Amino acid sequence: MAETIETVDVQGTAIGVGTVIAMACLGYGTIVSRTIVGIEATTVAMWVFAGTFLAVGTLHAAYGYASLAWGYGGAAVGWLFVILGTSGIRVGIGLLLLGLSGAYIILVSRRLRSETNDSGG
């Protein structure tokens, strides 16, 4: 069960790095210039979050945790719908995917933690 703990540590680090980069993009967009290489800073920040979720999903897939990989993959697709959505319906689908994926990730994470605690880890 040491792999579960390592995976969670990697997950937290990846999400933390992605969040710091996204916040830096937003800060730059607020203080320095509204755009980063010609793209709205908020759009760049959303792409960073989508990439972060994709990276975390890929890490979980590499460690063999398909359920978490699917959850984070669903969140990445949700971000894509939000970013690329050209209508309210598409953005709504993206938000729904983000919400459902987040709920699924919470349930799976709790289950994995309880299995780790039950096995004495």
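Every number in this text was worked out from the coordinates using simple rules, so none of it is lab data. Just so you know, these numbers come straight off a predicted model, no measurement behind them. Quick reminder, even Gly has a Cβ in these numbers, built from the backbone with ideal geometry, and neighbours come from all protein chains shown.
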_Given charges at Cβ of Lys, Arg, Asp, Glu: the chain dipole, positive-most of Ala45, Thr116, Gly16_ = Ala45
*Extension reserve of the Thr116-Thr13 stretch, reckoned as 0.36 nm per residue once the Cα distance is removed*: 35.1 nm
*the chain - mean residue ellipticity at 222 nm from DSSP helices (-39,500 (n - 2.57) per run, n ≥ 4, rounded to 500)*: -30500 deg cm²/dmol
*Which whole-number percent is the relative contact order of the range 21-121 (Cα, under 8 Å, 6+ apart)?*
19 percent
*When the chain is treated as a GNM, springs tying every alpha-carbon pair under 10 Å, which of Gly99, Gly38, Gly71 comes out with the largest mean-square fluctuation?*
Gly38
*Over all Cα pairs of the range 2-118, how is the pair count split among 5 Å bins, expressed in % and running from 0 up to the last occupied bin?*
2, 12, 18, 21, 17, 13, 9, 5, 2, 1, 0
*asked:* Place a point 7 Å from Cα of Glu40 in the direction of its Cβ. Which residues in the range 65-98 have their backbone N less than 16 Å from it?
replied: 79-92, 95
*Hey, got the dipole for the chain? About the Cα centre, +1 on K and R Cβ, -1 on D and E Cβ, debye to the nearest 20?*
380 debye
*To the nearest 0.05, what FRET efficiency results for Ser109 and Ile89 with a Förster distance of 30 Å applied to their C-beta separation?*
0.50
